[in-house]
1. Fewest Cβ neighbours within 10 Å first, please rank 138, 166, 84 accordingly.
2. Please state the Cα pair-distance histogram of the range 135-174 with 5 angstrom bins from zero: what percent is in each bin?
3. Cα-Cα pairs above 19 Å in the range 93-152: how many percent?
4. Determine the gain in length on full extension of the stretch residue 51-residue 128; use 0.36 nm per residue of separation and subtract their C-alpha separation, reporting nm with one decimal.
5. Looking only at the range 98-139, which residues have a backbone nitrogen under 13 Å from a spot 7 Å from the Cα of residue 19 in the C-beta direction?
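We did not get these values from a lab; they are worked out from the coordinates using the rules stated. Treat the numbers as computed from the prediction; the structure is a model and nothing was measured. In this analysis, Cβ positions are derived from the backbone assuming ideal geometry, glycine residues included, and neighbour counts consider all displayed protein chains.
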């Protein structure tokens, strides 16, 4: 445990290589101080708008082949951005220092871009967000179904754009909040690491199926 916290502290205090940095944690877990602002099952919070031509689907309907796969355990509404026909989802927000959301069945070419008043601040593909080789479209692999917390550093963001170069990009439960202090980041990353280790340990007895949606 001490080693995990030491590593997490070093990561938290190290300067980011990009304007935007992120940590990956268990699906459905909000960071301290965050508030849900977009859920697709209710109107967005004041100051937040959703636009574009992406579809909203009911998790209770299950897998829609080639169109959308519900996020794990999600029996409510979620958004799926398809490649064909080409779709885009745009979330406009007040100026934010941090943001998080749940992602399901990550594919390598899923793409999220963050914009501020002066233009593009940072972008990530599914391949960059997941562990190497883990953006495999699986609906059950915890590496492809997770929550991502983004820190925008000194450059606030007020627009998020979701697209996909293959299959679909499913996401839900967008939350906003203040950037945690370095000590909080350290504990958060350490906690995520422990949960990820436990998930991998439980999966040792069998392979996780890989099914692209």
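1. Starting with the residue having the fewest Cβ neighbours, the order is 84, 166, 138.
2. 5, 15, 23, 25, 17, 11, 4, 0
3. Above the 19 Å cut-off, the range 93-152 has 32 percent of its Cα pairs.
4. Using 0.36 nm per residue and subtracting the Cα-Cα distance, I get 25.2 nm.
5. 113-124
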